[in-house]
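Input: a single structure, listed below in structure tokens.
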Amino acid sequence: MSIDSSEIPDSSSQPLPPKRDSDAKKRSKAKAKAKRKPATVKSESVAGSPLADSAQSDSPEHWDAFRQKITAGAPSSAAESVFAKSAKDGAAYRWGVAVATGEGCGPLLQTLSRLACEASVPAKFAVDDLPVEAELFIEAIESTSTSDTPLACQAVVWAAALPALCSQLESDLSFRLMTALREFHDAVLTRNQPCSATHLIVAGELGLTLAWRLSDVPSCRLLQQKSLTAVNDWCDQYDQAVADAVEGAVHARMVLASLFRCGDLIQATTKQKPKKNYVKTADLLSTWIAALTTRDGGSAFSQVGGKELVDDLAGHGLLDRAIAVDPESLKPAFDAATGKTQTGGRLAWEVSLPETMWHDADAKIAVMLPEWDVRKGRTHVDYSGENVAIEMFAGRAKLISGQWQTMIEVDGEQQHACGNWSEVCEYTDDDVHYLELEQPWTGGLLLQRQLMLVREDRTLLFADAIVQDPSSGDGVSFDEDLMANQGRRIKYWGRLPIADGISPDPEPETREIFLADGKRRAMIVPLAANEWRVGPTSATLTTSEDNSLVFTAEGKGRLYCPLWMDCSQRRFKRKRTWRPLTVVDNLRVCRKDEAAGYRIQVGSEQWMVYRTLGEPKTRSILGKHLIADFFASRIDMTYGDHDALVTVDDSEPSDDDSGQE
């Protein structure tokens, strides 16, 4: 099941049962209204026919006259009349750049953004040779893919700075720069999908910027209507547009910044107000950015922080603009995510906060929050690449950061991934967030990956299941008797990179490993391993020289490899144990390649997880009778009952199927 972002459910309503391959939910709210009275930028009428004027502007011999007119007519406060206080020192043109590029804004961008906003350029940002930089940029946009988002944003800044650059560059070079920018706009408008980020930035904002800043050039002035249409087209496809923007996480702020600048330009230069879908798209993308924001104001999967983020975090910066879209919901969300305020354990709906799980199956990215309060931790998941990227926070401390790498051998022969990750199940309610992914492998295998967050308990389950791929022609038969007698031997290695500043702290006698930064932050339990280091075991949890957690397991036919992570420090000193459980099918004990179950106990608290590896059947485990692909519960020690957290049923849905135990 997926989250429907067009209908965010009230947390007090009954949760829907999780089902595989369901449509992604889409969140939409249209509350924001334009606050500032639109500025007006006067544009001269087109002399003669549009085609004649356009051809004239394309001629180098006429460029000098246009160039002089542009330089003489550039107002000293043009940017401020459009972007208001966000134009100060060119900040509006640097929004999101540090997060997207992974580094601070360099001298060239600092110079161009200030020139674009008629601001002085401090000596420390002076660029030694602007003509050389202009040549390099022209070469880049003529030879680089039109889907390069950072390059698209560079193009906008160069265009906005052109009136100032006309007096600093030779006539021929400034003409070639203008022509290259206009051709870049036309190429993106023709080739790129309307929902792509570069369609908004180049086909939309770049064209609007050229029409605004070079309104004396007929061919640039004629771009306005096409660019306005491009922005509206992008917003009309807000579901796909936002998915493209948040894919990989780091470009999302850059896209939102472009959307805000487009809205300002449309109001200032066309006297039109943004359409309803503009507000809806800005709201959805702003909420995604809030969910991706980390405690220092940075972003998921980005390493920049501190001074490098000043343009995003300052007053009238990008995050302030995002909050203004829906202050009632987004201000408490950003404040809680950055640690400015605390939610006090209240549910999202009680403090007007957005939902606590955000997942987009098209972008292949998910954010799982116990609460919006940064002290409770969070988990970011990006499965758009061959390896799943994970960031796991326990409170404010980042513990896991990097790619979850996997290696599988079958009968001594190494296997490889042969397809992309895809979502097969999603579920969320007040108790739990659950996401299941799968990826096809050679040898007729299917790697299924589970990520479950038990919100109140602050525990996580990271697990891999290796099963036969039913769609593979060369896969081994599913017949369980055949698998018992002729099952192939499978070896599994999983590697999770430990974040910088975090050290492993293994227990001396048992197999748990704590992650610490001077203070223990999380406990990792290898459920499939023998609890005690002494004695045989089919699974191990160790650390590598490059500071990664390495989990290994082996078995026949099918394999389940779960890790249990406890981030609640109050439980660290309590007695604990874990055990594999006996799973019974019609008075017969199931083999390990049929189904697996585990019990975890810390002090008086207990949990159980169950996973079938073959055909789902009615089975019994720890007094619980069920037919399910996966089941997790919290055990009530007073009555011995199972408090179901999530049940995943792999059968076809029916009208009266409740799904949740």
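The values are calculated or read from the model by the stated rules, or taken from the named source; none is laboratory data. Here the structure is a predicted model, which is why all the values come from computation and not from measurement. All Cβ positions, even for glycine, are placed from backbone atoms using ideal geometry, and neighbour counts span all protein chains on display.
Quick test for you: out of 307, 364, pick the one residue that is at pLDDT below 95, out of contact with any helix residue (DSSP H, G or I) (no Cβ under 6 Å at 6 or more places or on another chain) and either not hydrophobic (A, V, I, L, M, F, W, C) or not assigned by TED's automatic domain parsing to the domain that holds residue 235 (or both).
None of the other options fit; the residue is 307.
Answer with yes or no whether residue 554 is over 28 Å from the mean Cα position of the chain (by Cα), surrounded by fewer than 14 Cβ atoms within 10 Å (Cβ to Cβ) and more than 24 Å from residue 575 (Cβ to Cβ).
On the way: over 28 Å from the mean Cα position of the chain (by Cα): yes; surrounded by fewer than 14 Cβ atoms within 10 Å (Cβ to Cβ): no; more than 24 Å from residue 575 (Cβ to Cβ): yes.
No; evaluated as a whole, the condition is false for this residue.
State whether one or more residues within the stretch 396-403 are closer than 20 Å to residue 631 by Cβ and either under 18 Å from the mean Cα position of the chain (by Cα) or assigned to a loop (DSSP other than H, G, I, E, B) (or both).
No, the stretch 396-403 contains no residue that is closer than 20 Å to residue 631 by Cβ and either under 18 Å from the mean Cα position of the chain (by Cα) or assigned to a loop (DSSP other than H, G, I, E, B) (or both).
For the stretch 366-405, name all the residues that are farther than 30 Å from residue 330 by Cα and buried (at least 22 other Cβ atoms within 10 Å of the Cβ).
Correct list: empty.
Can you spot a residue in the stretch 132-151 that is more than 24 Å from residue 189 (Cα to Cα) and assigned to a helix (DSSP H, G or I)?
yes
Among the candidates 264, 233, single out the residue that is farther than 18 Å from residue 322 by Cβ, in contact with a helix residue (DSSP H, G or I) (Cβ under 8 Å, 6 or more places away or on another chain) and of a type outside the set (S, T, N, Q).
233
Go through (1) closer than 22 Å to residue 320 by Cβ; (2) exposed (fewer than 13 other Cβ atoms within 10 Å of the Cβ); (3) hydrophobic (A, V, I, L, M, F, W, C) one by one and return the number of the condition residue 92 breaks.
(2)
Being of a type in the set (Asp, Glu) and farther than 21 Å from residue 456 by Cβ is the requirement here; does residue 566 meet it? Steps first, please.
Numbers: of a type in the set (Asp, Glu): yes; farther than 21 Å from residue 456 by Cβ: no.
Taking the combined requirement at face value, the residue does not satisfy it.
Within the stretch 422-440, track down each residue that is within 15 Å of residue 461 (Cα to Cα) and part of a loop (DSSP other than H, G, I, E, B).
Correct list: 431 only.
Of all the residues that make up the stretch 402-439, how many are of a type outside the set (A, V, I, L, M, F, W, C) and closer than 20 Å to residue 466 by Cβ? Full working, then the answer.
Kept after step one, since they are of a type outside the set (A, V, I, L, M, F, W, C), are these residues of the stretch 402-439: 402-403, 405-406, 409, 411-416, 419-420, 422-423, 426-431, 433-434, 436, 438-439.
Still in the list and also closer than 20 Å to residue 466 by Cβ: 403, 405-406, 409, 411-416, 419-420, 422-423, 434, 436, 438-439.
Final tally of qualifying residues: 18.
Listed here are the residues, each with its yes/no results for (1) in contact with a helix residue (DSSP H, G or I) (Cβ under 9 Å, 6 or more places away or on another chain); (2) assigned by TED's automatic domain parsing to the domain that holds residue 325; (3) within 29 Å of residue 520 (Cβ to Cβ).
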| position | (1), (2), (3) |
| --- | --- |
| 368 | no, no, yes |
| 371 | yes, no, yes |
| 381 | no, no, yes |
| 385 | no, no, no |
| 389 | no, no, yes |
| 392 | no, no, yes |
| 397 | no, no, yes |
| 401 | no, no, yes |
| 405 | no, no, yes |
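Among what's in the stretch 95-116 and is surrounded by 24 or more Cβ atoms within 10 Å (Cβ to Cβ) and small (Gly, Ala, Ser), pick the residue that is nearest to residue 307 (Cα to Cα).
98
Taking interchain pairs and intrachain pairs at least six residues apart, which have beta carbon atoms under 7 angstrom, with the first residue in the stretch 277-300 and within 12 Å of residue 374 (Cα to Cα) and the second among the aromatic types (Phe, Trp, Tyr)?
290/334; 291/358; 293/334
Tell me whether the stretch 167-179 contains one or more residues that are touching a helix residue (DSSP H, G or I) at 6+ places or on another chain (Cβ under 7 Å) and either closer than 19 Å to residue 262 by Cα or not assigned by TED's automatic domain parsing to the domain that holds residue 115 (or both).
Within the stretch 167-179 (the criterion being touching a helix residue (DSSP H, G or I) at 6+ places or on another chain (Cβ under 7 Å) and either closer than 19 Å to residue 262 by Cα or not assigned by TED's automatic domain parsing to the domain that holds residue 115 (or both)), the answer is no, since none of the residues qualifies.
Residue-wise test of (1) closer than 19 Å to residue 97 by Cβ; (2) not in a helix (DSSP H, G or I).
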site: 161; (1), (2): yes, no
site: 168; (1), (2): no, yes
site: 172; (1), (2): no, no
site: 176; (1), (2): no, no
site: 182; (1), (2): no, no
site: 190; (1), (2): no, no
site: 195; (1), (2): no, yes
site: 198; (1), (2): yes, no
site: 201; (1), (2): yes, no
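So is residue 164 at pLDDT below 95, surrounded by fewer than 21 Cβ atoms within 10 Å (Cβ to Cβ) and either out of contact with any strand residue (DSSP E or B) (no Cβ under 8 Å at 6 or more places or on another chain) or of a type in the set (Ser, Thr, Tyr) (or both) or not?
Working: at pLDDT below 95: yes; surrounded by fewer than 21 Cβ atoms within 10 Å (Cβ to Cβ): no; either out of contact with any strand residue (DSSP E or B) (no Cβ under 8 Å at 6 or more places or on another chain) or of a type in the set (Ser, Thr, Tyr) (or both): yes.
Criteria not met by residue 164.
May I ask you to list pairs of residues, at least six apart or on different chains, whose Cβ atoms are under 8 Å apart, with the first in the stretch 154-172 being in contact (Cβ under 8 Å) with a residue 12 or more places away in the chain and the second being outside any helix (DSSP H, G or I) and surrounded by 22 or more Cβ atoms within 10 Å (Cβ to Cβ)?
159/214; 160/117; 162/214; 163/214
For residues that are of a type in the set (A, V, I, L, M, F, W, C) and part of a loop (DSSP other than H, G, I, E, B), scanning just the stretch 325-361, find the one that is modelled with the highest pLDDT.
Among residues in the stretch 325-361 that are of a type in the set (A, V, I, L, M, F, W, C) and part of a loop (DSSP other than H, G, I, E, B), the one modelled with the highest pLDDT is 361.
Say we look at the stretch 300-335 and pick out the residues that are under 17 Å from the mean Cα position of the chain (by Cα) and within 14 Å of residue 352 (Cβ to Cβ); which of these is surrounded by the fewest Cβ atoms within 10 Å (Cβ to Cβ)?
Per the criteria, the residue is 334.
I need a count of the residues in the stretch 484-502 that are among the basic types (Lys, Arg), surrounded by fewer than 17 Cβ atoms within 10 Å (Cβ to Cβ) and not in a strand (DSSP E or B).
Selection size over the stretch 484-502: 0.
For the stretch 161-206, which positions are among the β-branched types (Val, Ile, Thr) and farther than 25 Å from residue 80 by Cβ?
179, 188, 190, 198
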